[in-house]
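Read the figures in this text as sums done on the coordinates, not as results from a lab. These numbers were taken from a predicted model, which means no experiment stands behind them. In this analysis, Cβ positions are derived from the backbone assuming ideal geometry, glycine residues included, and neighbour counts consider all displayed protein chains.
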Amino acid sequence: MKAREHPSLRSLNTFGLDATAALLLEIESEEDVLGLPPLDSRRDLVLGGGSNVVLVDDVPGTVFLNRIRGIDVVGEDGDDCLVEVGAGENWHGLVEWSLAHELSGLENLSLIPGNTGAAPIQNIGAYGVELESVVDTVSCWDWRTGGWVAFDRDACRFAYRDSRFKQEPDRYLVTSIRLRLRTSFRPELSYAGLAEELERAGIASPTARDVAEAVIRIRRSKLPDPAVEGNAGSFFKNPVVGAATADALRGRWPGLPAWAQADGRCKLSAGWLIETCGLKGTSVGGAAVSERHALVLVNRGGATGADVAALAARIQAAVEDRFGVALEPEPRLVCFDQTLGSE
């Protein structure tokens, strides 16, 4: 297991925030996991691709860097192919691997930043598909009991950008996920913008590769590249409210996008709420609301984690004040110094 003392974490988070840790342990195998010291959530942090964290301050203890690799076909079940993926694999690299092997199910999730281990924690989703639709099993190290555990899809307690792994932070280290991919392609085109992009391209009967390339074009046209302008993708969840609340809001703001949910509630567009508050371009220190997409906060250069946290708080307050709707961040704001992280 590789170890580094007092490493910079700037290159290990997609916001590009400067932070350090007392120690970094790079985990490259399940054997390495067996040799790990206990995790102390008051001092330590697990990192993968760093695409879902805001490092508000330094890590006083150990960063456990998950770099467990490997993609293996482990079985077939009719039209399904079971694929085991190490948590340290790059997510988009996995999508490309699946397309190269003529397996489908991940194409709508193309170009999402981060590593595979974070995918079940967030139940990542985009363009009409959520990860839970393809999960078979998630394997983890349970820090609390000091043993291995595997959860099937139901036991993962998946919900919109949520899971048992997010509900019990710092308990589980995801080591691998098993996905149920398809050998026969069935496109998921319920997201209107995706269907429109394919139509513009003149594609009536898309392949999985066609869908992936359409998603990539949409994402690149709307979202800043973290390699160019540090960010963590969509910063806030789309809020879900009761139908009566949604009707009342749309009565006052007819242009507010709202999507009916299976439980009778409505999902609102967080980006629309933020933009309608006139917050595009708003900044705190080096952190700003992207001019390209109001749902993305960016590091314009020299931003601190405290800048990002303060900007997020300002946005939440403005949306709450105008619409009476609470916004919840998607990324985890990691703050060990409780005097930081708010305006």
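For this structure, a couple of remarks:
- Counted residue by residue at 0.36 nm each, then reduced by the alpha carbon distance between them, the extension gain from Glu291 to Glu102 reaches 64.3 nm.
- Going from the fewest other Cβ atoms within 10 Å to the most, the residues Glu130, Glu291 appear in the order Glu291, Glu130.
- Segment Ala159-Ala244, extension gain: residue separation times 0.36 nm, minus the distance between their alpha carbons: 28.4 nm
- Mean projection area, nm², convex hull over Cα of segment 30-120: 7.2 nm²
- Percent of C-alpha pairs per 20 Å bin, the chain, short to long: 29, 60, 11
- Each of Leu23, Leu327 has some number of other Cβ atoms within 10 Å of its Cβ, and from fewest to most they run Leu23, Leu327.
- Value at 222 nm in deg cm²/dmol, rounded to 500, when DSSP H runs of n ≥ 4 in the chain each add -39,500 (n - 2.57): -7000 deg cm²/dmol
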